[in-house]
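For reference, the structure discussed in these notes is given below.
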Amino acid sequence: MKTVNLALFASGSGTNAANIIAYFQNEPMIRVSCICTNRPDAFVIERAKKHNVPFLIFNRDDFYHRDTVLEYLKQREIDWIILAGFLWLVPANLMQHYQRRIINIHPALLPDYGGKGMYGHHVHEAVIAAKEKFSGITIHYVDPEYDRGDTIFQAKCPVHPDDTAESLAERVHALEYEYFPKVIKETILSEPDPA
């Protein structure tokens with residue numbers, strides 16, 4: 001099997017991206033080949049530089065009205081896209097080229113608390129407001145709608161009566177760091193080789 005090349009898409013600080021890079025650093029079968037971001041001020045760029053990972057900064061036009069991003073991914077021979085805190089809806093050209101090869105992580109137990117605008121502290125605040133007993137993570141394939149793709153994996157954590165969005169976020173982040181790289185690896189290695 002050839003080495004599988006990953007592109008990590010992130011919009012913010014890139015803690016999940018850094019965790020994934022570290023996890024695959026000595027993995028011969030899977031390599032993080034680039035980081036793509038829609039924000040020139042995103043801290044994930046500093047993480048890319050630190051780990052010597054090439055990166056692409058793109059704007060809305062590049063993403064939705066041109067093939068700029070797709071062409072960059074093709075040049076780098078990218079096999080899978082991993083959304084690691086990326087907030088834009090994936091456009092049709094990428095969806096078609098990477099059908100069932102785009103994975104996202106969501107900080108709640110989908111199908112609850114998903115959809116447009118449901119990210120980060122917004123999710124945790126909604127979970128606490130609804131007095132849920134549990135929250136967690138959902139790792140899923142990406143389809144044309146926010147947070148609707150088939151679920152690959154879920155993990156749960158308790159929601160405590162005195163939780164704030166910040167304290168719940170810490171437990172959810174711990175699940176992300178523990179499971180996201182492992183589930184990416186298992187999912188990719190269980191797929192038939194596209195070549």
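Would you please name the residue that is least open to solvent (accessible area, probe 1.4 Å), looking only at residues in segment 3-47 that are within 13 Å of Lys185 (Cβ to Cβ) and charged (D, E, K, R)?
Checked segment 3-47; the qualifying residue least open to solvent (accessible area, probe 1.4 Å) is Glu27.
Looking at segment 28-37, is at least one residue more than 18 Å from the chain's Cα centre (by Cα) and either in a helix (DSSP H, G or I) or modelled with pLDDT under 95 (or both)?
Step one: filter segment 28-37 for residues more than 18 Å from the chain's Cα centre (by Cα), giving 28-29.
From the residues that got through so far, the ones that are either in a helix (DSSP H, G or I) or modelled with pLDDT under 95 (or both) too are 28-29.
Yes, there is a match, as at least one residue in segment 28-37 is more than 18 Å from the chain's Cα centre (by Cα) and either in a helix (DSSP H, G or I) or modelled with pLDDT under 95 (or both).
Mind telling me which of the residues Asp143, Asp62 ends up being among the charged types (D, E, K, R) and in a helix (DSSP H, G or I)?
Working: Asp143 fails: in a helix (DSSP H, G or I).
Within the list Asp143, Asp62, the selection yields Asp62.
From Arg148, Arg101, which residue is at pLDDT below 95, more than 20 Å from Gly14 (Cα to Cα) and under 15 Å from the mean Cα position of the chain (by Cα)? Before the answer, list the steps.
On the way: Arg101 fails: at pLDDT below 95.
Going through Arg148, Arg101 in turn, just one is at pLDDT below 95, more than 20 Å from Gly14 (Cα to Cα) and under 15 Å from the mean Cα position of the chain (by Cα): Arg148.
The values are calculated or read from the model by the stated rules, or taken from the named source; none is laboratory data. Here the structure is a predicted model, which is why all the values come from computation and not from measurement. Heads up, the Cβs are rebuilt from the backbone with ideal geometry, glycines too, and the neighbour counts pull from every protein chain shown. Only protein heavy atoms, including side chains, enter the accessible area calculation; ligands, DNA and RNA are left aside. Shrake-Rupley method; radii C 1.70, N 1.55, O 1.52, S 1.80 Å.
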